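Working notes, structure below.
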Amino acid sequence: MELSPKLIEDYYKNKSVDAICKEAGISRTTFQRLKKKQGLANRRSFLSKIDTGDAELNMMLKTKYLSIVNRCNGMSTDKYGHYKDLDYMTLQEWVNLCNENKPLLLDLWERYVRLGRKLKHSVSIDRLDTAKGYTSANVQFAPHGYNSWLRNLYPLKV
């Protein structure tokens, strides 16, 4: 017996192990045994592979990913449900995205720190198409103020 690709993806999308086990009809012990047998890394070890060179930035990026997971799984304070059921990237995709964008992230972070750690300068993740989820093809890193500015743009009627 092996864990299916869907269960593995759910695990790396930070779905609860209890929910995965319930869906698969297996115990937590069986899940852990199969995970080990298939040589699957635990989630914490994936997050520790974010390597921007700044420990505080790395921690913020880990927190950012967990926030995305919570939003898309309906476990956030998003009272309107804008994000519930949107697709999002796996841990491995997130780590790769962060590491591939290291120079940009460090520039954004340095600016945030230099300008007094004000929210409008903090590192944010922007969805290019707001109808789509947090997939690597649909996101970019930007200052928080950029996202606020985009939200407040309204077309003029002539």
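The values are calculated or read from the model by the stated rules, or taken from the named source; none is laboratory data. The structure presented is a predicted model; accordingly, all values stated were derived computationally and were not measured. Cβ: placed from backbone, ideal geometry, glycine included. Neighbour counts: every protein chain shown. Protein only, heavy atoms only, side chains kept; ligands, DNA and RNA dropped before computing areas. Shrake-Rupley method; radii C 1.70, N 1.55, O 1.52, S 1.80 Å.
Miscellaneous remarks
- Some residue of region 112-123 being within 17 Å of residue 47 (Cα to Cα) and of a type outside the set (Asp, Glu): no
- Identity of the residue in region 125-158, hydroxyl-bearing (Ser, Thr, Tyr) and farther than 18 Å from residue 99 by Cβ, that ends up modelled with the lowest pLDDT: 154
- When the residues of region 1-48 are filtered to those that are among the acidic types (Asp, Glu) and touching a residue at least 24 places away in the same chain (Cβ under 8 Å), the one that is nearest to residue 90 (Cα to Cα) is 9.
- The residues in region 119-138 that are open to solvent by less than 90 Å² (accessible area, probe 1.4 Å) and under 18 Å from residue 107 (Cβ atoms) can be counted, and the count is 6.
- The lone exception for residue 116 - which of (1) open to solvent by 80 Å² or more (accessible area, probe 1.4 Å); (2) not in a helix (DSSP H, G or I) it fails: (1)
- Region 95-111 - residue that is of a type in the set (A, V, I, L, M) and in contact with a helix residue (DSSP H, G or I) (Cβ under 6 Å, 6 or more places away or on another chain) and, of those, nearest to residue 45 (Cα to Cα): 95
- Inclusion of residue 59 among residues that are surrounded by 12 or more Cβ atoms within 10 Å (Cβ to Cβ) and not aromatic (Phe, Trp, Tyr) is warranted.
- Selection count where residues are at pLDDT 95 or above and either in a loop (DSSP other than H, G, I, E, B) or farther than 20 Å from residue 13 by Cβ (or both), scope region 90-107: 7
Table: residues versus (1) in contact (Cβ under 8 Å) with a residue 40 or more places away in the chain; (2) closer than 19 Å to residue 69 by Cβ.
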{"site": "103", "(1), (2)": "no, no"}
{"site": "109", "(1), (2)": "yes, no"}
{"site": "135", "(1), (2)": "yes, yes"}
{"site": "141", "(1), (2)": "yes, yes"}
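- Among the residues here, residue 85 qualifies as closer than 25 Å to residue 138 by Cα and free of Cβ contacts under 8 Å to residues at least 24 places away in the same chain.
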